[in-house]
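**Q** Sharing a structure, written as structure tokens. Questions coming.
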Amino acid sequence: AIYELSCEAYKHLGKTSNYYWIDPDGSGALGPLKVYCNMTEDKVWTTVYHDLQMQTSVGGNSLEKLPVLQLNYSATMDQISAITSSAEYCEQFISYSCKMSRLLNTPEGNPYTWWVGKANEKHFYWGGSGPGIQKCACGIERNCTDPKYYCNCDADYKQWRKDTGMLSYKEHLPVSQVVIGDVDRPGSEAKISVGPVRCQGDRNYWNAASFVTSSSYLHFSTFQGETSADISFYFKTSASDGVFLENLGNTDFIKLELKSATEVSFSFDVGNGPVEIVVRSPNPLNDDQWHRVNAERNVKQASLQVDQLPLEVRKAPTEGHTRLELYSQLYVGAAGGQRGFLGCIRSLRMNGVTLDLEERAKVTPGVKPGCSGHCTSYGMYCANGGKCVEKYNGYSCDCSTTAYDGPFCIKDVGAFFEEGMWLRYNFHSPGTSMKDLVSRTLLSSADPEITAPDLSLSKEELSFSFSTTKSPCVLLYVSSYTQDFMAVLVKPSGYLQIRYSLGGTKEPYNIDVDHRNMANGQPHTVNITRNGRDIVLQLDHYPPTSYSLPTASDIQFNSPKALFLGKVIEIGKIDQDIYKYNTPGFTGCLSRVQFNQIAPLKAALRPSNSSSHVHIKGELVESNCGASPLTIPPMSAATDPWHLDSASAEFPYNGQALGDGVNRNSAIIGGVIAVVIFTVLCTLVFLIRYMFRHKGTYHTNEAKGAESAESADAAIMNNDPNFTETIDESKKEWLI
């Protein structure tokens with residue numbers, strides 16, 4: 001299997017936080033390892049765990065030799081070193097809780113306790129401090145319990161004290177051992193905690209150069225690939241051909257090039273005559289998007305792969321030369337007398353070593369360090385209207401104009417509403433010019449200098465999800481400085497109603513969705529689009545339905561004023577039904593509410609410039625209980641190529657292991673007793689059902705719960721375990 005080189009690579013495949021296999025040195029000797037990749041909005045964290053329990057106790061007895069706590073990681077030291085060396089920043093939490101147990105013996109004594117890091121080196125500094133400084137965090141910040149010492153524990157108090165902090169000098173990480181010295185006195189006790197090693201960023205993955213003239217190239221020392229060569233890189237170009245790299249010998253050579261807009265070639269000669277492997281793509285490769293190339297050669301065979309296209313393999317002859325003897329420098333971006341490469345190359349690895357293209361490009365004419373235009377390849381991962389933003393090292397998704405957040409704008413932002421609680425979003429607030437308002441919310445207007453009451457809308461886009469068990473209620477209401485309004489209601493029957501009043505008619509125009517009960521406690525999605533007289537409504541995963549305002553109705557929503565969630569608190573005349581539905585108010589969850597470019601819930605929960613428009617009555621508690629339901633069941637473990645067996649994943653600190661044989665035997669005996677009791681109960685239930693079944697009762701296969709359900713959909717939901725499992729899965733994502 002081919003694994004990505006880092007968590008950064010998985011993020012740029014659109015993957016979310018999870019356990020993944022990475023291979024830091026490609027096909028080198030280290031091999032792949034399983035890590036946890038935490039994809040945040042602006043960073044990617046790689047986490048490697050160990051087996052030492054948090055708050056491991058040491059001491060309390062007379063000890064003949066110093067206690068040594070050994071940390072066994074889910075990766076080798078060399079594998080972790082490969083991660084830390086390419087990372088921009090690494091850290092590891094460490095804590096020492098003490099009772100009459102000195103730590104570093106500050107200010108001038110020999111340390112009682114130390115930790116061992118990479119290369120088996122002893123280190124006499126603690127978390128929050130740095131190399132060569134025999135202090136703890138409180139000694140650096142000058143806030144230790146006793147100012148005469150540089151660690152809280154060095155005061156040797158009989159009460160519990162603690163020294164904690166982050167170790168962040170990555171050349172010393174990870175912690176492999178902790179040696180504890182001062183726990184052999186009566187009353188001495190200590191507890192040690194060491195967190196996983198976490199690294200952020202991947203300098204190799206984004207190490208890039210831009211070739212701006214066809215005669216420009218970078219040169220490096222001769223490639224040492226006599227018996228094996230493993231070359232990988234990404235390229236991006238709008239040119240139809242060009243040489244990626246070449247290294248020559250007397251007659252031997254190795255070369256990778258873009259032969260045409262759809263062909264990548266890997267050619268070499270080890271003394272048996274030239275060999276060429278070509279991968280042909282069905283789509284153009286000069287589309288200014290990133291493409292990945294992997295070329296390998298050993299004494300048995302050679303192969304070439306581009307992106308996810310089929311691997312092309314060529315067997316080596318059974319007899320003849322096998323060693324590739326090269327003498328010239330390695331040229332990247334051009335070759336002697338041939339047309340050079342125009343575009344970008346990044347993350348160029350030769351036999352597991354990343355070539356520093358950026359540093360060499362800084363001193364080479366015609367080549368620029370770095371590369372722009374990442375959004376052309378990765379912008380598709382910014383979902384739900386999120387905007388792709390170019391960064392020097394990659395890209396990020398700007399979710400500010402959406403009702404979502406997270407690294408790819410796919411995380412619902414929602415809240416739980418208690419009875420009587422409400423939220424108001426004012427479209428216009430004091431000190432905000434109408435021009436700013438128009439540009440921010442995309443509320444159309446012919447003249448941006450007009451006042452708020454003169455603004456009008458000819459179209460709206462509204463989307464949100466909700467869950468509730470109480471009806472009637474007001475989900476959402478848009479008021480105006482005139483009599484115009486728009487409302488989304490749950491009627492006493494539990495059916496949904498959309499109500500428009502734009503003037504020109506005596507009564508509001510109502511859209512009644514009377515085919516299912518929406519107050520059933522399940523999440524439901526609502527999408528409403530109006531363009532002039534035409535209205536399109538979509539509920540959950542049902543097909544969209546079209547409606548049309550009466551011909552007498554106005555099509556302008558005049559002077560919109562505010563948007564309400566949960567309850568309408570507005571001066572002036574309010575529709576009689578809405579007034580009745582206002583009491584006691586909405587109870588339940590609302591999520592990802594968006595009206596045109598306004599996201600009122602997100603503005604309330606995520607401080608921003610638009611937060612000044614929000615007024616809340618009650619305490620708004622963030623929750624995903626109203627998040628959009630999953631309409632497609634999760635992929636099974638057998639068919640999901642990215643699934644990792646959770647049983648094999650090492651989840652640290654997930655409870656204490658059974659410590660001895662007595663506890664383990666007790667657990668086994670208890671389990672046997674539980675199985676026996678369960679078997680007896682099941683037998684009794686079966687006998688009772690069998691007796692009642694033959695007393696003349698008429699049986700059907702109708703869905704259980706149908707008699708109490710308000711509709712066919714409700715009966716299916718009551719009876720179908722997969723439906724509730726789907727909802728539960730969406731909630732579990734937020735409880736991890």
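The values are calculated or read from the model by the stated rules, or taken from the named source; none is laboratory data. If you're wondering where the values come from, they're calculated on a predicted model, not measured in any experiment. Backbone-built Cβ (ideal geometry, glycine too); neighbour counts: all protein chains shown. What goes into the accessible areas is simple: the full protein's heavy atoms, side chains included, and nothing from ligands, DNA or RNA. Shrake-Rupley method; radii C 1.70, N 1.55, O 1.52, S 1.80 Å.
**Q** Quick check: anything in region 198-213 open to solvent by 10 Å² or more (accessible area, probe 1.4 Å), in a strand (DSSP E or B), at pLDDT 90 or above and under 27 Å from GLU8 (Cβ atoms)?
**A** Checked region 198-213: at least one residue is open to solvent by 10 Å² or more (accessible area, probe 1.4 Å), in a strand (DSSP E or B), at pLDDT 90 or above and under 27 Å from GLU8 (Cβ atoms).
**Q** Which condition from (1) open to solvent by 10 Å² or more (accessible area, probe 1.4 Å); (2) at pLDDT 90 or above is the one that VAL526 breaks?
**A** That leaves (1) as the condition not met.
**Q** Can you tell me which of ALA552, ALA519, ALA487 is in a loop (DSSP other than H, G, I, E, B) and either surrounded by 21 or more Cβ atoms within 10 Å (Cβ to Cβ) or not assigned by the TED database to the domain that holds SER465 (or both)?
**A** ALA519
**Q** Residue by residue through region 120-141, note down the ones that are assigned to a helix (DSSP H, G or I), buried (at least 24 other Cβ atoms within 10 Å of the Cβ) and under 35 Å from the mean Cα position of the chain (by Cα).
**A** Result: CYS138, single match.
**Q** Same structure again: Under 7 Å between Cβ atoms, which residue pairs at least 6 apart in sequence (or on different chains) link something in region 511-523 that is under 19 Å from VAL536 (Cα atoms) with a partner that is assigned to a loop (DSSP other than H, G, I, E, B)?
**A** Listed by first residue and then by second, the contacts come to ASP512/TYR495; VAL513/TYR495; ASP514/TYR495; HIS515/SER711; ARG516/SER711; MET518/GLY494; MET518/TYR495.
Yes/no matrix, rows are residues, columns are (1) open to solvent by less than 20 Å² (accessible area, probe 1.4 Å); (2) at pLDDT 85 or above; (3) under 29 Å from GLU8 (Cβ atoms); (4) under 36 Å from the mean Cα position of the chain (by Cα):
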| site | (1), (2), (3), (4) |
| --- | --- |
| THR227 | no, no, no, no |
| PHE233 | yes, yes, yes, yes |
| ASP241 | no, yes, no, no |
| PHE244 | yes, yes, yes, yes |
| ASN250 | no, no, no, no |
| PHE253 | no, yes, no, no |
| LYS259 | no, yes, no, no |
| SER267 | yes, yes, no, no |
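**Q** Residues of region 400-417 being in a loop (DSSP other than H, G, I, E, B), touching a residue at least 40 places away in the same chain (Cβ under 8 Å) and open to solvent by less than 20 Å² (accessible area, probe 1.4 Å), which ones?
**A** Correct list: THR402, ALA403, GLY406, PHE408, VAL413.
**Q** With the requirement that a residue be within 19 Å of ASN120 (Cβ to Cβ) and either touching a Leu at 6+ places or on another chain (Cβ under 6 Å) or outside any loop (DSSP other than H, G, I, E, B) (or both), what does region 176-191 give you?
**A** Scanning region 176-191 gives SER176, GLN177, VAL178, VAL179, GLY181.
**Q** State whether one or more residues within region 342-358 are of a type outside the set (Lys, Arg), in a helix (DSSP H, G or I) and at pLDDT 85 or above.
**A** Checked against the condition, which is being of a type outside the set (Lys, Arg), in a helix (DSSP H, G or I) and at pLDDT 85 or above, region 342-358 yields at least one hit.
**Q** Kindly evaluate THR583 against the criterion of being of a type outside the set (Phe, Trp, Tyr), more than 21 Å from ALA403 (Cα to Cα), touching a residue at least 40 places away in the same chain (Cβ under 8 Å) and in a loop (DSSP other than H, G, I, E, B).
**A** In short, no.
**Q** Follow-up. Quick check on SER62: is it modelled with pLDDT under 85, of a type outside the set (Lys, Arg) and either surrounded by fewer than 19 Cβ atoms within 10 Å (Cβ to Cβ) or out of contact with any Cys (no Cβ under 7 Å at 6 or more places or on another chain) (or both)?
**A** So SER62 passes the test.
**Q** Quick check on region 163-185: of everything there that is of a type in the set (D, E, K, R) and buried (at least 16 other Cβ atoms within 10 Å of the Cβ), which residue is nearest to GLY59 (Cα to Cα)?
**A** Result: ASP184.
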